[in-house]
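All remarks here apply to the structure that follows.
The values are calculated or read from the model by the stated rules, or taken from the named source; none is laboratory data. As the structure is a prediction and not an experimental result, all values here were calculated from the model. Note that we place each Cβ from the backbone using ideal geometry, even for glycine, and neighbour counts take in every protein chain shown. For accessibility, only protein heavy atoms count, side chains too; no ligands or nucleic acids. Shrake-Rupley method; radii C 1.70, N 1.55, O 1.52, S 1.80 Å.
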Amino acid sequence: MKKRLLLTSVFIAVCTGIFAQSDMNQYIDKLMQKMTLQEKIGQLNLLPGNDITTGAVMKSPLGELTAKGELGAVLNVKGLDKIRALQEVAVKKSRLGIPLIFGQDVIHGYQTVFPIPLALSCSWDIAAIENSARIAAKEATALGINWAYSPMVDIALDPRWGRIAEGNGEDPFLGACIAQAMVKGLQGNYGKENVMACVKHYALYGAIEAGRDYNTVDMSKVRMYNQYFAGYKAAAEAGAGSFMTSFNLVDGIPATANKWLVTDVLRNQWKYDGFVVTDYGSIKEMTSHGLGDQMTCSALALKAGTDMDMCSNAFIENLEKCLKSGTVSQADIDRACRKVLEAKYKLGLFKDPYRFIDKKRLQKDLYTAENRAAARQLAAETFVLLKNDDHILPLQKKGKIALIGPLGDNRSNMVGCWSTGDIPEKYSTLKEAMQRAVKGKAVVEYAQGCNIYADETTQKGATFGRPIPRVNDAEAQKEALQLAQRADVIVCAMGEMAEMSGESSSRSDLALPDVQMQLLQKLVALGKPLVLLNFSGRPTIMKWESEHVPAIMNVWFAGSEAGDAISDVLFGDQMPSGKLTTTFPQSLGQIPLYYNHLNTGRPVAPRAKEYQKFQSNYIDVRNDPLYPFGYGLSYTTFSYSDITLSGKTLGRDGRLTATVTVTNTGSRDGDEIVQMYTHDPAARVARPVKELKGFRRIHLKAGESTQVSFEITPELLKYYDADLNHVIDPGEIEVMVGPDSDDRNLRKSTITVL
Ligand code: BGC
């Protein structure tokens with residue numbers, strides 16, 4: 001009789017998700033003793049399962065590999081039946097019955113889609129973001145997925161890069177808080193409703209040159225440690241089960257084969273103990289990077305500390321040969337195999353390989369009213385009100401409202417990139433949601449007005465399965481203008497399509513595409529109250545809009561409940577409260593523009609009126625952003641008192657608090673995001689002009705005041721010096737508290753570090 005480990009009565013402590021390290025080690029030791037070399041290498045092989053069909057699983061190449069024990073994990077298998085069928089092959093047909101892991105890009109929700117990650121970060125609502133990850137995991141596991149390629153924690157300063165949409169913006173402190181929350185939300189305690197997180201893309205993917213996807217990265221280590229590493233480190237410390245290497249070079253070596261990055265920093269310095277998977281086809285790409293043939297690259301990747309090969313077929317085809325030729329050792333293969341088996345153990349798959357396959361959950365856990373309510377609420381928190389002249393917003397539910405623009409009545413584009421579990425037919429368009437919101441009180445009429453791009457080929461390139469109907473631009477514009485003329489107020493739903501951000505969606509021009517701009521300008525010229533809802537997966541350039549459009553709200557891609565959430569805020573049933581987590585530049589030429597920059601030796605003061613020769617500035621645009629990091633308006637207003645410090649000096653083991661009183665000075669209850677920044681003016685290495693070091697999201701009733709305190713410790717103020725020591729210098733530190741990163745709005749004080 002075939003021996004199958006699953007059927008042996010080895011005591012396993014996994015079942016509630018809590019496991020003892022020693023039990024796990026013992027279990028894996030025993031299992032590995034039975035494994036052949038090829039079976040061990042098989043565990044390191046991750047392949048796509050998009051094409052499998054339930055009936056023919058055994059006969060598919062993937063089924064055959066699984067039966068041979070040459071597949072460790074699979075991604076993109078959709079449907080419980082398919083997942084069960086393939087898992088059965090692994091468990092019943094392979095010699096040792098080792099179960100598969102099922103991965104998927106579960107990035108911002110699943111069937112209930114939350115806003116894209118960049119938008120989520122603009123809520124600064126860490127608890128709600130953690131909850132969104134918990135819901136995403138619950139829905140994904142109800143569909144049999146147990147490994148999510150999330151969170152994406154790459155710091156990105158260049159909005160030309162479409163993948164800025166997938167991250168948490170430009171700030172390492174906020175990014176680290178979100179990274180931890182995402183890991184906690186996704187993984188929980190490795191229960192049945194949790195997935196294993198996969199932190200990506202390690203590392204520095206967000207720093208690619210010219211914003212062109214997959215391009216080169218090159219930066220100093222001081223910068224890596226101080227500006228780019230915090231999110232990865234925080235996620236590792238939060239216990240993320242897996243990490244994904246990035247496509248880019250780091251110090252001239254692809255991240256996947258970069259021993260310094262994967263072993264020295266991630267595993268040794270940060271004590272990360274999960275497994276490391278490549279990105280899709282990364283080992284294959286190493287040959288194009290110029291590192292050699294696939295045998296060489298496979299050895300380099302494994303040696304560097306990478307454990308699993310995503311979709312290159314490189315480990316499975318080469319590692320045995322590498323072992324024979326001596327470029328890898330048995331210990332290297334064993335290390336990687338052990339890491340993958342540990343992940344399976346943590347997920348409870350040895351105890352019950354069908355743990356995530358429960359048909360009953362299909363009925364009760366997906367796209368539930370509760371999940372949708374959470375998504376709708378959080379979506380409303382992500383919108384950033386950039387401008388609101390004459391209090392145009394909130395709109396009254398009366399009269400005739402003209403909704404105009406290519407995003408106004410589209411179902412599939414609301415969710416944004418990486419919505420791999422979406423079911424658009426169940427979601428409302430903005431038009432439908434607005435009509436529902438004003439039913440019986442006002443009329444909402446819609447006209448598309450224009451295409452996304454006048455050029456059909458360009459629009460097609462940006463579509464990727466999420467089309468917006470093509471119209472005749474001249475006729476559509478005429479119709480829209482006629483509608484606008486009859487209306488009391490105009491709402492424009494314009495900007496990007498969902499797939500204009502995300503992977504492989506770099507743009508060289510971030511302005512509103514011409515044909516939309518022409519329509520917008522004509523609508524503005526009518527002189528009626530007008531609101532621009534800017535759909536975007538990145539900061540776009542809105543200089544003209546900021547000068548001429550009376551009200552602008554950035555609504556990103558807000559997920560399955562986007563329509564209702566936008567209506568909620570438009571009509572004042574919810575208050576806008578989001579604040580930017582990326583700087584919005586005035587012009588493309590300022591990129592990269594970010595608030596936590598260094599000062600240069602020839603700084604120009606913020607909002608300098610004119611160009612200054614031989615100073616660090618441009619002839620044709622001032623250095624200032626259009627909208628700064630941290631910025632966002634509400635329908636109410638807030639005032640800040642001066643900072644009160646609990647003391648003026650900070651000892652090496654000491655702590656201080658900085659307190660401000662925040663008052664809601666408007667007539668409506670609302671949320672405010674209070675931000676604390678610090679600046680170290682004299683340090684061993686140059687420090688940014690300001691760095692976020694604390695934030696609180698608070699709710700204040702109209703007229704109400706509250707005290708908000710931030711703790712300042714030496715640990716909080718430390719940075720990495722040129723030798724990468726984590727240090728703090730004696731001397732003055734400037735402390736700033738306010739509603740955004742603009743100097744004019746910050747209260748300031750100074751402490752002295754002893
Ligand atoms: C992306 C990753 C993603 C992976 C699997 C790659 O192309 O860079 O972010 O997780 O595909 O779909």
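So here's what we get for this one:
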read-out: Residue (of Ser634, Ala605, Gln615) at the positive-pole extreme of segment 598-644, dipole from beta-carbon charges; value: Gln615
read-out: Where N is the number of residues in segment 379-570, Cα Rg divided by 2.2 N^0.38 Å; value: 0.94
read-out: 3J(HN,Hα) from dihedral phi, segment 664-671, Karplus parametrisation 6.51/-1.76/1.60, rounded to Hz, x for glycine, proline; value: 7, 8, x, 10, 10, 5, x, 9
read-out: Long-range amide H partners of Ala511 with built H, under 5 Å; value: Ile541
read-out: Burial ranking of peptide ranges 370-379, 480-489 (average Cβ count within 10 Å, highest at the top); value: 370-379, 480-489
read-out: Per residue value of the accessible surface for the chain (all protein chains in place, 1.4 Å probe), Å²; value: 37 Å²
read-out: Arg436-Lys543 FRET efficiency (beta carbon distance; Förster radius 41 Å; 0.05 resolution); value: 0.75
read-out: Other-chain or far-sequence residues with amide H under 5 Å of Tyr202's (modelled H); value: Met244, Thr245, Ser246
read-out: Stokes-Einstein D in µm²/s, Kirkwood radius over Cα pairs - the chain at 25 °C with 0.890 mPa s viscosity; value: 91 µm²/s
read-out: Environment charge of Ser587, counting only residues whose C-beta is closer than 9 Å and scoring Lys/Arg +1, Asp/Glu -1; value: 0
read-out: Antiparallel %, DSSP beta bridges [both residues in the chain], to 5; value: 50 percent
read-out: Where Tyr228, Tyr367 fall by accessible area, highest first, once all protein chains stay in place (1.4 Å); value: Tyr367, Tyr228
read-out: Residue order for Arg602, Arg361, Arg622 - accessible surface, 1.4 angstrom probe, largest first; value: Arg602, Arg622, Arg361
read-out: Nitroxide proxy distance, nm - points 7 Å out along Cα→Cβ at Met517 and His726; value: 4.7 nm
read-out: Cβ-derived FRET efficiency at R0 51 Å, Lys360 paired with Arg747, nearest 0.05; value: 0.40
read-out: Gln38 paired with Ala608, simple spin-label distance in nm, labels 7 Å along Cα-to-beta-carbon; value: 6.9 nm
read-out: Estimated vicinal HN-Hα couplings, Hz - segment 400-412 in sequence order (Karplus 6.51, -1.76, 1.60; Gly, Pro = x); value: 10, 10, 9, 9, 9, x, x, 9, x, 9, 10, 8, 8
read-out: Under Karplus coefficients 6.51, -1.76 and 1.60, residue-wise ³J(HN,Hα) of segment 239-256 in Hz, glycine/proline x; value: x, 3, x, 8, 10, 10, 6, 9, 6, 7, 7, 10, 6, x, 10, x, 3, 4
read-out: Accessible surface ranking that places the most exposed of Arg134, Arg744 first, with a 1.4 angstrom probe; value: Arg744, Arg134
read-out: Helix-only mean residue ellipticity at 222 nm for the chain, each DSSP H run of n ≥ 4 adding -39500 (n - 2.57), per residue, nearest 500; value: -8000 deg cm²/dmol
read-out: Share of carbon and sulfur in the accessible heavy-atom surface of segment 379-570 [1.4 Å probe, %]; value: 49 percent
read-out: Extension reserve of the Ala56-Thr644 stretch, reckoned as 0.36 nm per residue once the Cα distance is removed; value: 204.7 nm
read-out: Extension gain (nm, one decimal) between Asn472 and His391, 0.36 nm per residue minus Cα-Cα; value: 25.7 nm
read-out: Estimated FRET transfer efficiency (Ser705, Ala373; beta-carbon r; R0 22 Å; 0.05); value: 0.15
read-out: Amide H partners (placed H, <5 Å) of Ile712, local residues excluded; value: Leu656, Thr657, Ala658
read-out: Heavy-atom accessible surface of segment 93-180: percent carbon and sulfur, 1.4 Å; value: 50 percent
read-out: Cβ crowding within 10 Å averaged over residues, with 75-84, 710-719 ranked highest first; value: 75-84, 710-719
read-out: Probe 1.4 Å - accessible area at Phe247, Å² to nearest ten; value: 10 Å²
